[in-house]
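Data block below; observations after.
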């Protein structure tokens, strides 16, 4: 393990990508993620890589498509309205089975919304773009976890030849915390499918067009067999103080940290409250919620949105217990005391 | 027939044997062949990556016998940017029509040119959307009837805009190395076009190179192939003049020769 | 032997561009049809062919090979 360094979240995420062997970044400025491209515009040229400030998010995602098509590790980052534009290139990446890592530092919407932290892109992360496909979506709650997950993201992308979205929010991006970078060298993956010039082989084609309906159906079946594998192998979830919990909070990312503080306050008052924190938002840990639902009085889902992840929480719980919701939006961050009050109120009902 | 006869015109190695889906007399086939011939002439088939667009040439990945990437609509220059930034040693071309390049892909082409990305862009301009059934394109001539300009493109009363001249537009930028427009409307023109395409590919390592072809769309123009060529000769060339608009290398060579003299 | 062209009848789509391009006017669209249903082009008088390649370069389907005869 390397030494401990104090880093800002956005920069730590960028540095983790470089250490994962990513030498290409294509992006477009948007608040609150500008530290990622700014860091990359300096750092990548130091390691023999390339940085392009693209003309738009649409172009940036298609530059990623091109770099991934020749078999290189590549990433982009953006924030909510920009991610909407990136959905185009990323759908083509999924259709053409190209590994790309995209960081979404979420801000409030809809429309231009605001520039403060939010979690209102859960839908566009877990129900992405046009067509039947998935991103693997991972949501860090600390800078250290962001760094670790960022390095994992490139492996997941390469292993499954699919876009991976790291879903963070402005708090993760702006916070400073000590981090340690793993020092294992980037893993090698078979990329014989890449368009590297056809010397000594038949030509390769990177493509998502299937004009024959039978072929397109087969292609979708193929993608979903792959997604089945992802669901089998890659679900990550943290259960925090759930052993004796009578109430389960459900939250991801920054909100989960706030929930942990709230749980501390509640436990000090004698309330047995725990947290289920999905780390992968897709594949979603439905089974964990199913298991938990039999043991608790209710689940309180807390988000910085009007209630998006709650749909998946409900699918997991399958009406085995009540699922309540508490959310703040528009850049308003729930305070621990608000969550404490919600739990107390629900317990009193 | 004599086995000793010399074949002076043969099928290019870089073109696959797959018959194209193009309508009879469509000049996409000629443009494809010229690209393949340039790749052959430079001997770079095994390190070439082609990028095809959305539009009639969406299936071009089947027709070139080199590595091929299918881009989303208009984004081929962005995809090419990704390819060349990752692998500057590869030869990379995009092949795009007028709707793809001059409408939805306007931002991507302008900025790839402005960054002087070392790619070769082949732009087939036939003033119409072919694949979707003959709608008005950014290069449709004023007064030209299409399925979305049924009374003729009208820039004044219907606000339908004027034909965009891409080479001239790109020629306002500092970046590009080579900018040319060439017609495919006669055999003599095609011989000239062959030299232009080869020049563009040979200069790719220096920066952004761009060749616009003036072509036809007999089907959506509602004309026989020969008639379409004649119509384009008469009507399109006056709007889209032929020529090499920029050749930075030739200009530099000329300048240094003048200095020595 | 002599200058001549070979037309791949199954690639030909009968567009007639080669017919219009031939300076000797020795290419015609034939009466027969190929597998795709097109009246494919044929060279009617090879003895007048000058192997100029005008037909071949104009052909969008790369259906024509041009041979130059040995003198």
If you go through A:333, A:313, A:337, the only one that is at pLDDT 95 or above, part of a helix (DSSP H, G or I) and under 18 Å from residue A:141 (Cβ atoms) is A:313
Can you find even one residue in the stretch B:81-92 that is modelled with pLDDT of 95 or more, part of a helix (DSSP H, G or I), within 24 Å of residue A:131 (Cα to Cα) and within 8 Å of chain A (Cβ to nearest Cβ)? yes
Look at residue B:185 and say whether it is at pLDDT 95 or above, within 24 Å of residue C:60 (Cβ to Cβ) and part of a loop (DSSP other than H, G, I, E, B). yes
Determine which single condition residue B:116 fails, assuming it passes every other condition in (1) more than 9 Å from chain A (Cβ to nearest Cβ); (2) more than 26 Å from residue A:49 (Cβ to Cβ); (3) surrounded by fewer than 24 Cβ atoms within 10 Å (Cβ to Cβ). (2)
With A:232, A:214 as the choices, which residue is out of contact with any helix residue (DSSP H, G or I) (no Cβ under 8 Å at 6 or more places or on another chain), in a helix (DSSP H, G or I) and over 30 Å from residue A:310 (Cα atoms)? A:214
Subset of the stretch B:190-222, residues assigned to a helix (DSSP H, G or I), farther than 15 Å from residue B:115 by Cβ, touching a residue at least 40 places away in the same chain (Cβ under 8 Å) and in contact with a strand residue (DSSP E or B) (Cβ under 8 Å, 6 or more places away or on another chain), comes to B:193, B:196, B:197, B:199, B:200, B:201, B:220, B:221
Evaluate the stretch B:42-49: report whether one residue or more is within 26 Å of residue A:44 (Cα to Cα), out of contact with any helix residue (DSSP H, G or I) (no Cβ under 8 Å at 6 or more places or on another chain), assigned to a helix (DSSP H, G or I) and within 13 Å of chain A (Cβ to nearest Cβ). yes
Looking only at the stretch B:1-27, which residues are touching a strand residue (DSSP E or B) at 6+ places or on another chain (Cβ under 8 Å), closer than 21 Å to residue C:36 by Cα and more than 7 Å from chain C (Cβ to nearest Cβ)? B:16
Might you let me know whether the stretch B:94-105 holds any residue that is facing another protein chain (nearest Cβ under 9 Å), buried (at least 22 other Cβ atoms within 10 Å of the Cβ) and either within 14 Å of the chain's Cα centre (by Cα) or at pLDDT 95 or above (or both)? no
Please tell me if residue A:59 is touching a helix residue (DSSP H, G or I) at 6+ places or on another chain (Cβ under 6 Å), away from chain B (no Cβ under 14 Å), at pLDDT 95 or above and not in a loop (DSSP other than H, G, I, E, B). no
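Results for (1) surrounded by 15 or more Cβ atoms within 10 Å (Cβ to Cβ); (2) within 14 Å of chain B (Cβ to nearest Cβ); (3) free of Cβ contacts under 8 Å to residues at least 60 places away in the same chain; (4) within 16 Å of the chain's Cα centre (by Cα), shown as yes or no for each residue.
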{"position": "A:137", "(1), (2), (3), (4)": "yes, no, no, yes"}
{"position": "A:147", "(1), (2), (3), (4)": "yes, no, no, yes"}
{"position": "A:156", "(1), (2), (3), (4)": "yes, no, no, yes"}
{"position": "A:160", "(1), (2), (3), (4)": "yes, no, no, yes"}
{"position": "A:171", "(1), (2), (3), (4)": "yes, no, no, yes"}
{"position": "A:180", "(1), (2), (3), (4)": "no, no, no, no"}
{"position": "A:201", "(1), (2), (3), (4)": "no, yes, yes, no"}
Test: residue in the stretch C:7-28 that is within 11 Å of chain B (Cβ to nearest Cβ), part of a loop (DSSP other than H, G, I, E, B), more than 10 Å from the chain's Cα centre (by Cα) and under 16 Å from residue B:10 (Cβ atoms): yes
Looking only at the stretch B:54-70, count every residue that is more than 14 Å from residue B:35 (Cβ to Cβ), part of a helix (DSSP H, G or I) and within 7 Å of another protein chain (Cβ to nearest Cβ) and tell me the total. 1
Do we find that residue A:100 is within 13 Å of the chain's Cα centre (by Cα), in contact (Cβ under 8 Å) with a residue 12 or more places away in the chain and within 11 Å of chain B (Cβ to nearest Cβ) in this structure? yes
Verdict on residue A:83 being modelled with pLDDT of 95 or more and either within 16 Å of residue A:173 (Cβ to Cβ) or surrounded by fewer than 24 Cβ atoms within 10 Å (Cβ to Cβ) (or both): yes
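The values are calculated or read from the model by the stated rules, or taken from the named source; none is laboratory data. These numbers come from a predicted model, not from an experiment. Methodologically, a virtual Cβ is constructed for each residue, glycine included, from the backbone with ideal geometry; neighbour enumeration extends over all protein chains shown.
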